[in-house]
Amino acid sequence: MSPRWFIARHGETVFNAAARMQGEAPHTPLTRAGFAQADEPRLALWSSPAGRALQTLAVIAEHLELDWHQARIDDRLREIDIGAWGGRTYADVLAGDNEVFDRATGLFARRPPGGEFYDDVALRLQAWLDDRKDDSGDRLIVMHGMSSRVLRGLLTGAPVRPGFAAPIADGIRQGGLVEIANGREILLDQGDAFEPV
């Protein structure tokens, strides 16, 4: 049986609660709701280096009676770099240009100024996957909204989304959890909050 990939989105942060764009910001702490969302999924643990992902992983590891210190952290699992938009509110960014987001998909419609686009994210995540090809056993990865959509697209063999230059899965809510086995994704926990990024 091939290994299963469990991909979790970090819990709600203070930025999420304030509708503020965080992108690859390294340390935006979880809210109380964010800690509650993390109280879920015995496997190899992986995480983005961002504080919010590490906090979520700490709660999950404690709940599963796993050693958080055994988790592997990889910078390639970080969130999409949103460049000049980092730290700004969604309302502020949209006031300057209401076509920044594709509302139908919840994706950025174009590269953030000074940031990454989905093809950049796909390249770094594919490199991470290539480095994992000889790993065995199940694994849990705690990461972010946009980058997890690209990783899930890569793992399920999704086609490249026209206009977005990468395979991208549909969004999951904060605190959500999916299982991917043999290229098939199953939503295990839908989480309880959703925002565009």
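The values are calculated or read from the model by the stated rules, or taken from the named source; none is laboratory data. Predicted, not measured: the structure shown is a model, and the values here were computed from it. Methodologically, a virtual Cβ is constructed for each residue, glycine included, from the backbone with ideal geometry; neighbour enumeration extends over all protein chains shown. The area values use the complete protein model at the heavy-atom level, side chains included, leaving out ligands, DNA and RNA. Shrake-Rupley method; radii C 1.70, N 1.55, O 1.52, S 1.80 Å.
Taking the Cα centre of the chain as origin, sum charge times position over the Cβ atoms of Lys and Arg (+1) and Asp and Glu (-1), and report the length of that vector in debye to the nearest 20. Intermediate results must be reported in sequence, preceding the final value.
On the way: 22 positive and 29 negative charges, 44 e Å.
With only Lys, Arg, Asp and Glu charged at Cβ, the dipole is about 200 debye.
Charges at C-beta only: +1 for Lys and Arg, -1 for Asp and Glu. How large is the resulting dipole of the stretch 129-195 about its Cα centre, in Debye rounded to 20?
Value, rounded to 20: 220 debye.
Rounded to the nearest Å, what's the spacing between the alpha carbon centres of the stretch 109-132 and the stretch 170-189? Just the number, please.
The stretch 109-132 and the stretch 170-189 have Cα centres spaced 20 Å from each other.
Tally Lys and Arg at +1 and Asp and Glu at -1 over the other residues with C-beta under 13 Å from the C-beta of Pro167: what net charge comes out? It would help to have the intermediate numbers written out before the result.
Numbers: positive: Arg149, Arg152, Arg161; negative: Asp119, Asp170, Glu185.
Local net charge: 0.
Give me the orientation-averaged projected area of the Cα convex hull of the chain, in nm², one decimal. Don't jump to the answer; show the numbers that get you there.
On the way: hull surface 40.3 nm².
The orientation-averaged projected area of the Cα hull of the chain comes to 10.1 nm².
Can you work out the accessible area per residue across the chain, with the rest of the protein chains kept in place, probe 1.4 Å, in square angstrom?
46
Choose one of Pro29, Thr105, Gly87: the residue whose Cα lies farthest towards the positive end of the charge dipole of the chain (beta-carbon charges +1 Lys, Arg; -1 Asp, Glu; about the Cα centre).
Working it through, the farthest residue towards the positive pole turns out to be Thr105.
Among Gly137, Ala71, Leu54, whose Cα sits farthest toward the positive end of the charge dipole of the stretch 1-142 (+1 at Cβ of Lys/Arg, -1 at Cβ of Asp/Glu, about the Cα centre)?
Comparing the listed Cα positions along the dipole, Leu54 ranks first.
So for the chain: antiparallel DSSP bridges make up what percent, rounded to the nearest 5?
Antiparallel: roughly 60 percent of the beta bridges in the chain.
Ignoring ligands, DNA and RNA, what percent of the accessible area of the chain is carbon or sulfur (1.4 Å)?
Carbon-and-sulfur percentage of accessible area, whole number: 51.
Regarding the stretch 105-191, what is the average projected area of its C-alpha convex hull, in nm²?
6.0
Before anything else, pin down the relative contact order of the stretch 122-197: Cα pairs under 8 Å, at least 6 apart, normalised by residue count, whole percent.
Numbers: 93 pairs, mean separation 18.2, N = 76.
Relative contact order, the stretch 122-197: 24 percent.
Rank-order 66-76, 143-153, 82-92 by packing density, defined as the average count of other C-beta atoms within 10 Å over each peptide's residues, highest first.
Averaged packing, sorted descending, gives the order 143-153, 82-92, 66-76.
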